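Some notes on the structure that comes next.
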Amino acid sequence: MTYNEIDTLVKGWIIDKAEGPVNARVQQVVVRLVGDLCKAIADLDIQPSEFWKGLEYMSEAGARNELGLLAPGLGLERFLDIRADEAEAKAGLTGGTPRTIEGPLYVAGAPESQGYARLDDGSESDQAEVLFMQGTVRGQDGQPLPGARVEVWHCNLLGNYSFFDKSQSHFNLRRTIIADGAGRYQLRSILPVGYACPPDGTTQRLLDQLGRHGHRPAHIHFFVSAAGQRKLTTQINIDGDEYLWDDFAFASREGLVPPVRHVTSPQQIAAKGLQSPYAEIDFDFQLHAETPVAPEAVVERVRAAA
Ligand SMILES: [Fe+2]
């Protein structure tokens, strides 16, 4: 069957059958995707049993809530970022803190505080290295943005996120920090570790078929926003992780790997009220000003809320 014949068939199934009001955008996307899928079925001679296996896989991935993990694992979430970068560059927006993927584990409603927050509940203090991270939120002109909103979330030492991992306390390792009058934020937490896709999940099952691992290097997620500025979705990576440049979700980027200082001086440790060495990271965020020329930076998607 030729591509033209396939296009005629798909048009007959979808466009010509419309009787009621049509959402033109939805119709456009569905016609394209169904047509492309039919072409792939034809080109690859996909057999009915293979087709149903694929459909069953997607159903199971949805039922297990793993589609949000599959999208970054196949590079699709990274692709959306590449396109957003391209659109911004075209609109003349360059520089600033690089964006990277959100992932599926944000939870809205974390406790808010001014200038500083401690993220961890202390339950892993025995095994963890304490982390202090601080910096300034700036605009593209380099000027600080007082009152900027820094939403931060990361996993615990087992690689699990609170809310999704019900064994953790409410909002453990999740906070919203409002930058002070000088645009400064500071947080205390624990150095997170890397993690991997659930080994018995649908994402890892597919990765196994592709000969790929499902590991992410240690990282911390951020949403940074301020009045009149484009919202930034990003992460920083913890330098030194073995998967730093081999992330299954393709989220590592130059500019998002700040140096980690491991502080061992007894005086400095005592000054922080600690008993053991701690880690320190300085990181400034730089946002772009709102502009009607670039596509909306706020991404609408269903997110958990607690
Ligand atoms: Fe993550």
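The values are calculated or read from the model by the stated rules, or taken from the named source; none is laboratory data. Quantities reported herein were computed from a predicted structural model and do not represent experimental measurements. Please note: Cβ atoms are built from the backbone with ideal geometry, for glycine as well, and neighbour counts cover all protein chains shown. Heavy atoms of the whole protein, side chains included, go into the accessibility calculation; ligands, DNA and RNA do not. Shrake-Rupley method; radii C 1.70, N 1.55, O 1.52, S 1.80 Å.
Things to note:
- Test result for Glu242, more than 16 Å from the ligand (Cβ to nearest atom), part of a strand (DSSP E or B) and touching a His at 6+ places or on another chain (Cβ under 9 Å): no
- Long-range neighbours under 7 Å by Cβ, at least six apart or interchain, first residue within 26 Å of Leu131 (Cα to Cα) within region 186-203, second in a loop (DSSP other than H, G, I, E, B) and acidic (Asp, Glu): Ser189/Asp120; Ile190/Asp120; Ile190/Glu124; Ile190/Glu129; Leu191/Glu129; Gly194/Asp241
To keep it simple, each residue is scored yes or no on (1) within 15 Å of the chain's Cα centre (by Cα); (2) modelled with pLDDT under 95; (3) open to solvent by less than 30 Å² (accessible area, probe 1.4 Å).
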{"residue": "Val31", "(1), (2), (3)": "no, no, no"}
{"residue": "Val34", "(1), (2), (3)": "no, no, no"}
{"residue": "Ile46", "(1), (2), (3)": "no, no, no"}
{"residue": "Ser49", "(1), (2), (3)": "no, no, no"}
{"residue": "Leu69", "(1), (2), (3)": "yes, no, no"}
{"residue": "Arg83", "(1), (2), (3)": "no, no, no"}
{"residue": "Ala89", "(1), (2), (3)": "no, no, no"}
{"residue": "Leu93", "(1), (2), (3)": "no, no, yes"}
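- Of the residues making up region 205-223, those that are away from the ligand (no atom under 16 Å from the Cβ) and crowded, with 18+ Cβ neighbours inside 10 Å are Leu206, Leu207.
- Residue that is farthest from Arg230 (Cα to Cα) [pool: residues in region 109-154 that are under 19 Å from the mean Cα position of the chain (by Cα) and within 16 Å of the ligand (Cβ to nearest atom)]: Leu119
- In region 179-224, the residues that are of a type in the set (A, V, I, L, M, F, W, C) and assigned to a loop (DSSP other than H, G, I, E, B): Ala179, Ala182, Leu191, Val193, Cys197, Leu210, Ala218
- Condition check for Thr94: outside any helix (DSSP H, G or I) and in contact (Cβ under 8 Å) with a residue 24 or more places away in the chain: no
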